[in-house]
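Engineer: Got a structure for you, written out below as structure tokens; questions coming shortly.
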Amino acid sequence: MSLVGRLEDLALADIFQIISLSKKTGTLILKNKTKGSAVVVFKNGQIIQAATDDIRDTLGNILISKGYISEDGLTRALGVQKNMKGVKRLGQILVETGEISQEVLEETIREQIENMVYSLLAWEDGFFNFDLGNVSVSDKIEVVTHDFLLKAGLSPEYLLMESARVLDEKKREKKGKASMPSGVEQSPAPEDKTKVSEFAQFLQEQGVAPSIPSAEERAVSGKDRELNQLKSMFEELRFPSATAEITLLILRYASELVSRAVLFMVTRDEIRGLGQFGMEFHDESPDRRVRKIRVPVKESSIFSDVIRDKRTKIGCFTDSAWDMYLIKELGGEPKGYFLVPMISNGRVAAILYGDNLPEDRPIPGISGLEIFVHQAGLAMEKALLERRISDLEKQLSSGRHQPGTKRA
């Protein structure tokens, strides 16, 4: 498979999806007249490396700015690296010498790759070229990227969902500043007693989180309201612009029913956190905390029955090792939870977790949510199929227009 073209014709988000679905290994080279060059390296469909001309921070500078290492520690590590003639990466040396832990190194590299990808997804024009196989990044871009290699890789689908939120927040901030009269300072809003997570706040600012019902809405019965809501959500699900939008719609629907929810992505080897709302942690960003959650598929956990039977589960945590791990990472043990699988192409592609901490109210009826998640899985299949067909049509069209092509 080879992809060559213009970003005006095929958006970068779609390119990521194609490479991810086909699980290809290769290097995506991007060129833009004003923004320069960029490279994204994929291994089996996962992003393991990224670099842009715009972001030139070295790993050492980033670690110093975050307070993880001292200048003396960096100097010593660079000396070791020089003596070894660059055989080992700087991060590996810092871990081996005890300057930082492996977890700090991976998290730092992960954040840097995420930031680079988010900046690239804002590109609306330019040229792209995806080369299969291992390509030397240094041959394609001036920035040294040797130290920013993440062996585990990042899911393009997760990055697309996060970028949709990040880019929208930046647009909102820019629009808000432009609307403020010059010389006038915006007074801080009164502090809300009910704290919300970053994702919940994002939903509220977008006008998609639960709002105070009007008198007419309160007059509608609970069942009618749920039915009307389900119809409205189905309308939005009919024409999603990207798979990231589908995952956002699932979390949005869940926000109408429970206090907290986490969407987990299911891969061949593990179940990992993708997005959330309602989670609260004193020492860490909820979104970042959730993205660190990893549960092996083959180990026994609350997810095991759902993956095996492909059915919704309402239950309580046990004292098993992975249940205890989830209780700790989710910030408490609720009286009950629900798990709703999203089936795509015959397999469980994602699982929606929900509970009512800290109020600990009983789990409500979720039949409407089950129907919606089921339809979301079908919408995901449709979106991915349409993308594959579109890619195939472009390849066939390109082949027909190549000079020297003969008909059989």
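Engineer: Return a yes/no flag: does the stretch 370-387 have any residue that is surrounded by fewer than 11 Cβ atoms within 10 Å (Cβ to Cβ), within 24 Å of Ser22 (Cβ to Cβ), at pLDDT below 70 and not small (Gly, Ala, Ser).
Structural biologist: Checking the stretch 370-387: at least one residue is surrounded by fewer than 11 Cβ atoms within 10 Å (Cβ to Cβ), within 24 Å of Ser22 (Cβ to Cβ), at pLDDT below 70 and not small (Gly, Ala, Ser).
Engineer: Being over 15 Å from Val117 (Cβ atoms) and of a type in the set (A, V, I, L, M) is the requirement here; does Leu28 meet it?
Structural biologist: In short, no.
Engineer: I've got another one for you. I want to confirm something. Restricting to the stretch 23-54 and keeping residues that are basic (Lys, Arg) and closer than 16 Å to Gly153 by Cβ, which single residue is modelled with the lowest pLDDT?
Structural biologist: Among those that are basic (Lys, Arg) and closer than 16 Å to Gly153 by Cβ, it is Lys23.
Engineer: Enumerate the helices (runs of 4 or more DSSP H) found wholly within the stretch 1-83, keeping only those where 2 or more residues are within 17 Å of Leu105 (Cα to Cα).
Structural biologist: The qualifying helices (runs of 4 or more DSSP H) are 59-65, 71-83.
Engineer: State the number of residues belonging to the stretch 297-316 that are touching a Gly at 6+ places or on another chain (Cβ under 9 Å), in a loop (DSSP other than H, G, I, E, B) and more than 15 Å from Phe264 (Cα to Cα).
Structural biologist: 1
Engineer: Sticking with this one: If you scan the stretch 122-142, which residues turn out to be assigned to a loop (DSSP other than H, G, I, E, B) and at pLDDT 85 or above?
Structural biologist: Trp123, Glu124, Asp125, Gly126
Engineer: Could you list, in sequence order, the residues of the stretch 286-324 that are over 22 Å from Ile363 (Cβ atoms) and crowded, with 17+ Cβ neighbours inside 10 Å?
Structural biologist: Asp287, Arg289, Arg291
Engineer: State yes or no: is Leu105 within 24 Å of the chain's Cα centre (by Cα), of a type in the set (A, V, I, L, M, F, W, C) and buried (at least 19 other Cβ atoms within 10 Å of the Cβ)?
Structural biologist: The answer is yes for Leu105.
Engineer: Sticking with this structure for a sec: For residues that are hydroxyl-bearing (Ser, Thr, Tyr) and in a loop (DSSP other than H, G, I, E, B), tally how many sit in the stretch 317-342.
Structural biologist: Looking only at that region, the number is 2.
Engineer: Right, another one. Among Gly67, Gly126, which is the only one that is over 21 Å from Arg291 (Cβ atoms) and in contact (Cβ under 8 Å) with a residue 60 or more places away in the chain?
Structural biologist: From the options Gly67, Gly126, the qualifying one is Gly126.
Engineer: Right, next: If I ask for residues that are aliphatic (A, V, I, L, M) and in contact with a Gly (Cβ under 7 Å, 6 or more places away or on another chain), which ones from the stretch 326-348 would you list?
Structural biologist: Selection gives Met342, Ile343.
Matching residues to (1) among the small types (Gly, Ala, Ser); (2) at pLDDT below 90; (3) within 18 Å of the chain's Cα centre (by Cα):
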| site | (1), (2), (3) |
| --- | --- |
| Arg268 | no, yes, yes |
| Ile271 | no, no, yes |
| Lys298 | no, no, no |
| Phe303 | no, no, no |
| Arg308 | no, no, no |
| Thr312 | no, no, no |
| Pro334 | no, no, no |
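The values are calculated or read from the model by the stated rules, or taken from the named source; none is laboratory data. Only a predicted model underlies this, so the values are computations on that prediction, with no experimental measurement involved. For neighbour counting, all protein chains shown are included, and Cβ atoms are generated from backbone atoms with ideal geometry for every residue, glycine included.
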